[in-house]
Amino acid sequence: MHKITLIPGDGIGPEVSNAVVQIMEHANVDIDWERMEAGAEVMQKHGTPVPDQVINSISRNRVALKGPITTPIGSGFASANVTLRKRLSLYANVRPVKNIPGIKTRFDNVDIVILRENSEDLYSGLEHVVIPGVVESLKIITEVACMRIGKFAFEIAREWHRNKVTAVHKANIMKMADGLFLECMRKCARDYPEIEYEELIVDNTCMQLVTRPERFDVMVMENLYGDIISDLCSGLVGGLGVTPSGNYGAGGTAMFEAVHGSAPDIAGKNLANPIAMILSAVLMLRHIHETEKADMIEKAVHAVLEEGKFLTRDLGGVATTTEITNAIIDKMD
Ligand code: NAI
């Protein structure tokens, strides 16, 4: 029995989470979900979007599945996502980006794993006004965090039988900060001689991603480049509605989530596409070594997409969340 924290989240979160729970039940995966509330409504009650019991639950269970959480703009409400990542030290964001059968895109040979450092860089939140009209925003890069993400990237490459790691940087301009990042990546690479290692400047990386994405395998980068490039790569395979992700941290803790937001425009209307959340759960099943069930659910998702009969609106169809979920369940029988 796996005890797993489930945070349904805001907006379409409960709808797509419900789809996952139903699919897991039909797949006979032995999960005891510990449901936790976090997000905008919780903020009203507890004064924080992520109460301590949520953190305690994830720390105890070491595995969590999370729906999207609304972050109101300009209200001073700290992002629940950033809070969760920080308090649980989830330092590595992993986003596998691969073509999905049935989803037509400009490329049909994309198979990339993006590793984004999640804890520092320009996201340290250290900004101040130097003099009126001049703002300084601090980019913090540390050897500890770089070595940690570098090692994680090469470990994933080895475990997932990948051949190459590309370190993405801008060390020609940020010679010290990105220079330190590269120095650490090179150190890590030495311990994995069977894996090819290369370095590529971030602007050139973007150009190559949209012309020759097949040349990339595993990519590792700092927080800001990772934020941007991981969304760019989602676009290569069909967008945020079909892209899963995992956040991994110290002590083996991991939290899985779709990369899209709470979609307030379609919330509660049974229109949300649950695929990204389902594929995030598939990633979670692989993490807890339920490989067979993960393969079975992924195959069913691919079969439904390939058939094209039950697609949600964002994928060009007219199916509801319930209909696409039931279609996936039918394919598993
Ligand atoms: P969004 O991803 O929620 O929505 C952008 C567009 O994509 C909307 O038109 C929406 O209807 C559509 N969309 C998103 N997911 C969909 C799905 N599964 N099925 C069908 N259509 C889908 O991004 P937006 O509007 O910028 O953000 C809304 C809220 O979500 C904000 O409060 C933001 O802070 C939060 N957010 C939370 C994230 C998380 O919890 N990981 C990630 C991104 C945004």
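How long is the gain from THR291 to ASP203 if the chain were fully straight, where each residue apart is worth 0.36 nm and the alpha carbon distance is subtracted? Kindly include the intermediate steps, with their values, before the conclusion.
On the way: separation 88, 0.36 × 88 = 31.68 nm, distance 3.67 nm.
Gain on stretching THR291 to ASP203: 28.0 nm.
Once phi is turned into ³J(HN,Hα) by the Karplus curve 6.51 cos²θ - 1.76 cosθ + 1.60 with θ = phi - 60°, what whole-Hz value does each residue of segment 97-109 show in order, with x for glycine and proline?
Along segment 97-109, the couplings run 10, 9, 4, 10, x, x, 9, 7, 9, 5, 10, 10, 9 Hz.
Quick one: net charge of ASP111's neighbours, Cβ under 12 Å, K/R +1, D/E -1?
After counting each charged neighbour, the total is +1.
By accessible area of protein heavy atoms, probe 1.4 Å, what ranking do SER230, SER137 get, highest first?
SER137, SER230
What does the charge count near THR322 come to, summing +1 for each Lys or Arg and -1 for each Asp or Glu among other residues with Cβ under 13 Å from its Cβ?
Once all neighbours under 13 Å are counted, the net charge is -2.
Of the peptides 304-315, 216-227, how do they stack up when ordered by the mean number of other Cβ atoms within 10 Å, highest first?
With the highest mean Cβ count within 10 Å placed first, the list reads 216-227, 304-315.
Heads up, I need the accessible area for ASP203: 1.4 angstrom probe, whole protein in place, Å², nearest 10.
Result for ASP203: roughly 90 Å² accessible.
Mean Kyte-Doolittle of at least 1.0 plus a Cα span of 15 Å or more along the axis: flag which DSSP H helices in the chain meet both, please.
275-287
Once you keep just the Cα pairs under 8 angstrom separated by 6 or more residues, what percentage relative contact order results for the chain?
Details: 664 pairs, mean separation 74.8, N = 333.
The normalised contact order for the chain reaches 22 percent.
Net charge near ALA303, counting Lys/Arg +1 and Asp/Glu -1 over other residues with Cβ under 13 Å of its Cβ?
Charge balance near ALA303 sits at -3.
Name the lysines eligible as straight-distance cross-link partners of LYS3: C-alpha to C-alpha under 20 Å, and not fewer than 8 places from it in the same chain.
Qualifying lysines at Cα under 20 Å: LYS66, LYS293.
Just the accessible area per residue of segment 83-132, please: how many Å² with a 1.4 Å probe?
52 Å²
So which cysteines of the chain have no other cysteine's Cβ under 4.7 Å from theirs?
CYS188, CYS206, CYS233 - these cysteines have no disulfide-compatible partner (Cβ-Cβ under 4.7 Å) in the chain.
What is the calculated FRET efficiency for LEU232 to GLU196, with r their C-beta to C-beta distance and R₀ = 25 Å, to the nearest 0.05?
Working: r = 23 Å, r/R0 = 0.90.
For R0 = 25 Å, the calculated efficiency reads 0.65.
Got a sec? What order do HIS26, HIS169 fall in by accessible area at 1.4 Å, biggest, i.e. largest, first? Intermediate results must be reported in sequence, preceding the final value.
Numbers: HIS26 100, HIS169 15 Å².
The ranking, largest first, comes out as HIS26, HIS169.
Under 16 Å between alpha carbons: how many lysine pairs meet that in segment 106-221, if sequence neighbours fewer than 8 apart on the same chain are excluded?
Lysine pair count for segment 106-221: 5.
How much accessible area does ILE131 have with a 1.4 Å probe, in Å² rounded to the nearest 10?
100 Å²
Near the amide H of TYR197, under 5 Å away, which other amide H atoms are found, from residues 5 or more places off or on another chain, if H is placed in the peptide plane?
VAL165
Of SER280, SER89, which has the most accessible area and how do the rest follow, probe 1.4 Å?
Heavy-atom accessible area, descending, gives SER89, SER280.
Would you tell me the accessible area of THR321, worked out with a 1.4 angstrom probe on the heavy atoms of the protein chains, in Å² to the nearest 10?
10 Å²
Just the number, please: carbon plus sulfur as a percent of the accessible area of the chain, 1.4 Å probe, no ligands or DNA/RNA counted.
Working: 7950 of 15230 Å².
C and S atoms contribute 52 percent here.
What percent of all Cα-Cα pairs in segment 106-221 falls into each 10 Å bin, going from 0 up to the bin containing the maximum distance?
Going from the shortest bin to the longest, the percentages are 13, 40, 31, 11, 4, 0.
The values are calculated or read from the model by the stated rules, or taken from the named source; none is laboratory data. For clarity, every value in this text was computed on a predicted model and none was experimentally measured. Every residue, glycine as well, gets a Cβ built from its backbone with ideal geometry; the counts of neighbours run over all protein chains shown. Keep in mind that these areas ignore ligands, DNA and RNA; they rest on the heavy atoms of the full protein, side chains included. Shrake-Rupley method; radii C 1.70, N 1.55, O 1.52, S 1.80 Å.
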